[in-house]
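Take a look at the structure below.
Please treat every number below as a calculation from the coordinates, not as lab data. Note that the coordinates shown come from a computational prediction; the quantities given were computed from them, not determined experimentally. With ideal geometry, Cβ positions are generated from the backbone for all residues, glycine too; neighbour counts draw on all protein chains shown.
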Amino acid sequence: MKKIAILNGPNLDRLGKREPEIYGSATLADLEQALRAEFGGKATLEFFQSNHEGALIDKIAALVDAKFDGVVINGGAFTHTSVALRDALLGAHLPTVEVHISNIYKREDFRHKSLTAPACLAVISGLGLEGYHAAVRFLLLPGTKA
């Protein structure tokens, strides 16, 4: 069974409370429950959220050491600002899918550029929480490699 990590960056712990008109009313706990319900028998899922860049970078290194098979990451604002997060993803050599709940291309100009996307196999933007499900489905496909 594949081991897949779901990483969430800054402010995603506020899902359901922060800007529900953009991010919806579901919480991060709701997302975890829905992913476990869909993929519980197909993958081992590990969830991690931090508002701190270094904690996310440390977690990526730990995933490599624990021989994870893939990563779904919503880096939040770090997507657009963090060379360090990009470097951690590149150095991990793990198949990674970047997810954005909103369509970043319909938002402010500074959100149109992702520094982390080049370190990922794919980017999903604008599907709401369904984007996480699509990312896990993709990582479960046979032969998906970094």
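Just report the Cα centroid separation between region 57-78 and region 97-138, whole Å. Comparing the Cα centres of region 57-78 and region 97-138, I get a distance of 16 Å.
In a DSSP loop and with at most 12 other Cβ atoms within 10 Å, the GluC sites (Glu not before Pro) in region 56-146 are GLU108.
Can you tell me the relative contact order of the chain? Whole percent, Cα pairs under 8 Å, sequence separation 6 or more.
Numbers: 257 pairs, mean separation 38.3, N = 146.
Normalised by residue count, the contact order of the chain is 26 percent.
Where (1) 21, 18, 14; (2) 35, 17, 11; (3) 27, 20, 15 are the candidate values, the label of the one calculated here for semi-axes √(5λ) of the Cα gyration tensor in Å is (1).
Restricting to lysine pairs 8 or more places apart or on different chains, what number in the chain have Cα atoms under 20 Å apart? Lysine pairs, 8 or more places apart or on different chains, close enough: 13.
Could you give the length gained on full extension between PHE110 and VAL64, defined as 0.36 nm per residue of separation minus the Cα-Cα distance, in nm?
Details: separation 46, 0.36 × 46 = 16.56 nm, distance 3.05 nm.
Extra length from PHE110 to VAL64 when fully extended: 13.5 nm.
When Lys and Arg each count +1 and Asp and Glu each count -1, what net charge do the other residues less than 12 Å away from CYS120, Cβ to Cβ, add up to?
On the way: positive: ARG86; negative: GLU98.
Residues near CYS120 contribute 0 overall.
Fully extending the segment from ASN11 to ALA84, taken as 0.36 nm per residue of separation minus the present Cα-Cα distance, adds 24.4 nm.
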